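The values are calculated or read from the model by the stated rules, or taken from the named source; none is laboratory data. Values in this document were obtained by computation on a predicted structure and should not be read as measured data. Neighbour counts are summed over all protein chains in view; Cβ atoms, including those assigned to glycine, are modelled from backbone coordinates with ideal geometry. Protein only, heavy atoms only, side chains kept; ligands, DNA and RNA dropped before computing areas. Shrake-Rupley method; radii C 1.70, N 1.55, O 1.52, S 1.80 Å.
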Amino acid sequence: RVSLVVYAGNTGVVLPPTSGDQKATIRAALNNLTAGGSTNGAAGIRLAYAMAEQGYIKGGINRVLLATDGDFNVGTVSFEALKNLVEEKRKTGISLTTLGFGDGNYNDHLMEQLADAGNGNYAYIDTLNEANKVLVSEVSSTLQTIAKDVKIQIEFNPAMVAEYRLIGYENRALRREDFSNDKVDAGDIGAGHTVTALYELTLAGAPGGRIEPLRYAGESRASKTNKDEIALLRLRYKLPASDTSKLLEQPISSADIQAADRMSVDFRFASAVAGFGQLLRGGKYNENFGYDQVLALAQNARGKDVFGYRGEFIGLVNL
């Protein structure tokens, strides 16, 4: 079932919940849309949730897709109020995906945070190719949630790792005590969706550390039984219909350490993207890893690149 709501100066229903096989009716509603005035985003979101509740399919995928530049300038414009509204509505079993368009007044922070609060996904659509990626080739990972409130925690073995730094995820960090608290919200995972977290490590006894050693640090707490482990990875998740999380634990062995040229194509390409992102933010921890190194790493890890997304990134680095 498809419904369409508009939210310029005025808010209104263009298409009430309509069966997906009524293609002529849906296309006619789309063709009648015109651009207009200001953006009453909050009223549009409320009305969209009302339509989703009216067309709710029990046991199905129920989701609001918000297409906007995020520059809400009429009605409720408070970021916290909008976030609270979406957090309240997710309890009804309807999630929120935000799709960003345009530039200039574009509010990227609001769009991402609203999707987080609404147990959904966020994507910025700048080309037809990107729209095809999000809404066609990756539609299952965008729309079908297979695990909710997914939390990842990693504990490094101080006998093996002297320093560590998580790259990115600043707005998704959880307090340690919130990992086991099922009332604390976290991210959702869709079918076919993957998540990559990169850490920069300095191994114990290796040069290149940034932190001066502590004078009064105690003896290493690592026991002899786990001396071959770098870290312990913990994962908590809830099944879509459950409110109780399940725990998975996986030790990471020192045998897993590999030279960069032996890592997978995906890992190397992800590393290039992370390095590029840090350079754009000033690169204060990049040291000798500059644009030339990003380019070389990405070019050697392009792989099959069926849709040309990696080629697009390489073009961006060249620019």
(message) Please pick out the residue among Glu212, Glu229, Glu219 that is of a type in the set (Asp, Glu), modelled with pLDDT of 90 or more and over 20 Å from the mean Cα position of the chain (by Cα).
(response) Glu229
(message) So, Leu66, is that one part of a strand (DSSP E or B) and within 28 Å of the chain's Cα centre (by Cα) or not?
(response) yes
(message) I'm trying to understand the selection: among the residues of the stretch 252-272, which are open to solvent by 60 Å² or more (accessible area, probe 1.4 Å) and either in a strand (DSSP E or B) or at pLDDT 90 or above (or both)?
(response) Ser264, Asp266, Phe267
(request) Go through Ala147, Ala173, Ala197, Ala186 for me and flag whichever is buried (at least 16 other Cβ atoms within 10 Å of the Cβ), without any contact (Cβ under 8 Å) to a residue 60 or more places away in the chain and closer than 30 Å to Leu65 by Cβ. (result) Ala186
(message) Being exposed (fewer than 15 other Cβ atoms within 10 Å of the Cβ), touching a helix residue (DSSP H, G or I) at 6+ places or on another chain (Cβ under 6 Å), not hydroxyl-bearing (Ser, Thr, Tyr) and not in a helix (DSSP H, G or I) is the requirement here; does Val14 meet it?
(response) yes
(request) Within the stretch 232-250, track down each residue that is surrounded by 13 or more Cβ atoms within 10 Å (Cβ to Cβ) and touching a residue at least 60 places away in the same chain (Cβ under 8 Å). (result) Leu232, Leu233, Arg234, Leu235, Arg236, Tyr237, Lys238, Leu239, Pro240, Ser245
(request) Tell me, yes or no, whether the stretch 156-174 has at least one residue that is within 28 Å of Gly93 (Cβ to Cβ), of a type in the set (D, E, K, R) and not in a loop (DSSP other than H, G, I, E, B). (result) yes
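To keep it simple, each residue is scored yes or no on (1) acidic (Asp, Glu); (2) open to solvent by 40 Å² or more (accessible area, probe 1.4 Å); (3) touching a strand residue (DSSP E or B) at 6+ places or on another chain (Cβ under 6 Å).
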{"site": "Glu80", "(1), (2), (3)": "yes, yes, no"}
{"site": "Leu85", "(1), (2), (3)": "no, no, no"}
{"site": "Glu88", "(1), (2), (3)": "yes, yes, no"}
{"site": "Thr92", "(1), (2), (3)": "no, yes, no"}
{"site": "Ser95", "(1), (2), (3)": "no, no, yes"}
{"site": "Gly100", "(1), (2), (3)": "no, no, yes"}
{"site": "Met111", "(1), (2), (3)": "no, no, yes"}
{"site": "Tyr124", "(1), (2), (3)": "no, yes, yes"}
(request) Scan (1) free of Cβ contacts under 8 Å to residues at least 40 places away in the same chain; (2) under 28 Å from Ala191 (Cα atoms); (3) part of a helix (DSSP H, G or I) for the single condition Thr98 breaks and write down its number. (result) (3)
(message) Looking only at the stretch 17-42, filter to residues that are within 16 Å of Met111 (Cα to Cα) and in a helix (DSSP H, G or I); which one of those is modelled with the lowest pLDDT?
(response) Gly41
(message) Being surrounded by 15 or more Cβ atoms within 10 Å (Cβ to Cβ) and in contact (Cβ under 8 Å) with a residue 24 or more places away in the chain narrows it down to one residue among Leu166, Leu203; which is it?
(response) Leu203
(message) Looking only at the stretch 278-298, count every residue that is open to solvent by less than 30 Å² (accessible area, probe 1.4 Å) and within 18 Å of Ala197 (Cβ to Cβ) and tell me the total.
(response) 0
(message) Kindly evaluate Lys304 against the criterion of being part of a loop (DSSP other than H, G, I, E, B), open to solvent by 90 Å² or more (accessible area, probe 1.4 Å) and within 25 Å of Gly190 (Cα to Cα).
(response) yes
(request) Could you look through the stretch 232-262, keep only residues that are of a type in the set (Asp, Glu) and under 24 Å from the mean Cα position of the chain (by Cα), and pick out the one that is farthest from Ala159 (Cα to Cα)? (result) Asp243
(message) Scan the stretch 31-54 and tell me whether some residue there is within 20 Å of Val86 (Cα to Cα), touching a residue at least 24 places away in the same chain (Cβ under 8 Å), open to solvent by 80 Å² or more (accessible area, probe 1.4 Å) and among the aromatic types (Phe, Trp, Tyr).
(response) no
